[in-house]
Amino acid sequence: MKFIVLGSGGCVALPKPLCNCKVCKEARKKGNPYSRFGCSLFLEDLNLLVDTPEDIVHALNYANIQQVNFVLFSHMDPDHTLGMRIFEHMRLNWFEISEGKECTNPISVFAMEHVMSDMNSIGSKLGSYLDYYENSRNIIKRKVVSKFIYLDDIKLTFIKADSATVFVFEQKKNKVIYAPCDVKPFPDNDIFKDANVLIIGSTIVGKVLKDNYILKENNILNDELFNMIEIEQLKDKYRIQEVIITHLEEDWGKSYDDYLELQKQYKDIIFAYDGMTFEV
Ligand SMILES: [Zn+2]
Ligand SMILES: [Zn+2]
């Protein structure tokens, strides 16, 4: 399986609009890999995309993706979903619509029941956007997944993590876990054992953050996000070969070079960047 991190950024873009911190200035000047799109992942074998942040249209162009047949939604938070108009960019053809022709290859959209019902609530006074894409435009086809699905020879398991989802991709003996956001506490499940790679967000990187902000122990962010020690514990608990940290927030105050330096401290834990690929 070959994966591409299309976007490694967090809740806000990097460079963050209006921000003149060192990290944003450098990202604005140098671009990739100093800049970061919103958090998303692509599996090349299946032309499968996980999540649609607002800038996904640019992330797909940047990575020169040629086809998307499947989209998974991890949860409904805006930083993962508000680029859903990408369905129109990818499949809507107004000339064909004007002649009454329907889209013949709708994109399959998968999510767990709790996520799909959240997703269906996103819309306007005219109704749900996903209803519009499926029922009026026929450019998507939704499917609720309760446990797992097979796509070709890849088994894709969905595991509930509160309001979000952890995905496990398995092909033969290879296993990749994708847990982009809102996954603390991490669900307890034997399926995670001996994975080749865990790509995980929900992590505060470092003690001294942007503008020398020091995170105190009683800060509520510690309840919602892992620290690096907890990531190492998770890695050891499930004997995971390699961890890639994604969803890297501008708030962490670190540049691409800082992450390269930092990852030298850790064994088999690295930091994502846009366009990073890995194969298992
Ligand atoms: Zn900044
Ligand atoms: Zn997020």
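Matching residues to (1) within 16 Å of ligand 2 (Cβ to nearest atom); (2) in contact (Cβ under 8 Å) with a residue 12 or more places away in the chain; (3) over 23 Å from PHE42 (Cα atoms):
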{"residue": "LYS173", "(1), (2), (3)": "no, no, no"}
{"residue": "CYS181", "(1), (2), (3)": "yes, yes, no"}
{"residue": "ASN189", "(1), (2), (3)": "no, yes, yes"}
{"residue": "LYS210", "(1), (2), (3)": "no, yes, yes"}
{"residue": "ASN227", "(1), (2), (3)": "no, yes, yes"}
{"residue": "GLU242", "(1), (2), (3)": "no, yes, no"}
{"residue": "GLU249", "(1), (2), (3)": "yes, yes, no"}
{"residue": "TRP252", "(1), (2), (3)": "yes, yes, yes"}
Problem set entry | segment 66-86: number of residues that are away from ligand 2 (no atom under 16 Å from the Cβ) and either surrounded by fewer than 17 Cβ atoms within 10 Å (Cβ to Cβ) or of a type in the set (S, T, N, Q) (or both) | 4
Problem set entry | In segment 13-51, the residues that are of a type in the set (Asp, Glu) and closer than 30 Å to TYR150 by Cβ | GLU44, ASP45, ASP51
Seminar exercise, completed: Note on segment 47-65: residues farther than 22 Å from VAL12 by Cα and crowded, with 20+ Cβ neighbours inside 10 Å are LEU48
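Quick one: which residue in SER146, SER128, SER124, SER136 is over 19 Å from GLN241 (Cβ atoms), small (Gly, Ala, Ser) and in contact (Cβ under 8 Å) with a residue 12 or more places away in the chain?
Result of the check over SER146, SER128, SER124, SER136: SER146.
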Problem set entry | strands (runs of 3 or more DSSP E) wholly inside segment 169-280 containing at least 3 residues that are buried (at least 18 other Cβ atoms within 10 Å of the Cβ) and not β-branched (Val, Ile, Thr) | 174-179
Exercise. When you look at LEU82, is it touching an Asp or Glu at 6+ places or on another chain (Cβ under 7 Å), at pLDDT 95 or above and not charged (D, E, K, R), yes or no?
Worked result: yes
Exercise. Picking from TYR178, TYR150, TYR132, which residue would you name as being out of contact with any strand residue (DSSP E or B) (no Cβ under 6 Å at 6 or more places or on another chain), aromatic (Phe, Trp, Tyr) and closer than 25 Å to ASP55 by Cβ?
Worked result: TYR132
For this session: Kindly indicate whether any position in segment 151-166 is surrounded by fewer than 19 Cβ atoms within 10 Å (Cβ to Cβ), within 16 Å of ligand 2 (Cβ to nearest atom), at positive phi and not in a strand (DSSP E or B).
Result: yes
Exercise. How about segment 104-147: which of its residues are loosely packed, with under 15 Cβ neighbours inside 10 Å and in a loop (DSSP other than H, G, I, E, B)?
Worked result: THR104, ASN105, SER121, ILE122, LYS125, LEU126, SER146, LYS147
Problem set entry | Filter result for ARG36 (in contact (Cβ under 8 Å) with a residue 60 or more places away in the chain, surrounded by 15 or more Cβ atoms within 10 Å (Cβ to Cβ) and among the basic types (Lys, Arg)) | yes
For this session: Tell me which residues, restricted to segment 1-60, are within 16 Å of ligand 2 (Cβ to nearest atom), in contact with an Asp or Glu (Cβ under 6 Å, 6 or more places away or on another chain) and among the aliphatic types (A, V, I, L, M).
Result: VAL12, LEU14
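The values are calculated or read from the model by the stated rules, or taken from the named source; none is laboratory data. Everything numeric here is computed off the predicted structure, so don't read it as measured data. FYI the Cβ positions are ideal-geometry reconstructions off the backbone, even for glycines, and counts take in every protein chain you see.
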